[in-house]
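Let me begin by presenting the structure, written as structure tokens, before commenting on it.
The values are calculated or read from the model by the stated rules, or taken from the named source; none is laboratory data. All values reported here derive from a predicted model rather than from experimental measurement. Don't worry about glycine lacking a Cβ; one is built from the backbone with ideal geometry, like all the others, and counts go over all protein chains shown.
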Amino acid sequence: MRDSLREKILQVCQKKIEQKGDNVGVSFYAFFANKNDDPKLLMEAASWWIETHQLDHFEKAVKIIDLVQSGR
């Protein structure tokens, strides 16, 4: 996964945790605007989320942070 996407994921997850607490869930769609202006990046995130890690549609933000920081 490209570094810019990793950074975006970490920022969004941290912001969600700050707003709603450690139990907040996120979807990979949370990392993108409602307008699909970068389909390749969206597919990169979707592949990482669905194919690589076989995650559910919503996962705990703290879990996503752990996966990203561990380089998985």
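Summary of computed values
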read-out: Matching residues in segment 25-63 - criterion: being among the acidic types (D, E) and assigned to a helix (DSSP H, G or I); value: E44, E51
read-out: Odd one out for K35, checked against (1) under 14 Å from R6 (Cβ atoms); (2) out of contact with any strand residue (DSSP E or B) (no Cβ under 7 Å at 6 or more places or on another chain); value: (1)
read-out: Within segment 9-24, tally of residues that are of a type in the set (V, I, T) and either touching a Ser or Thr at 6+ places or on another chain (Cβ under 9 Å) or not in a helix (DSSP H, G or I) (or both); value: 1
read-out: Of residues in segment 1-44 being modelled with pLDDT under 95, aliphatic (A, V, I, L, M) and over 17 Å from S70 (Cβ atoms), the one surrounded by the fewest Cβ atoms within 10 Å (Cβ to Cβ); value: A33
read-out: L67 vs. criteria modelled with pLDDT of 95 or more, out of contact with any His (no Cβ under 6 Å at 6 or more places or on another chain), in a helix (DSSP H, G or I) and of a type outside the set (K, R); value: yes
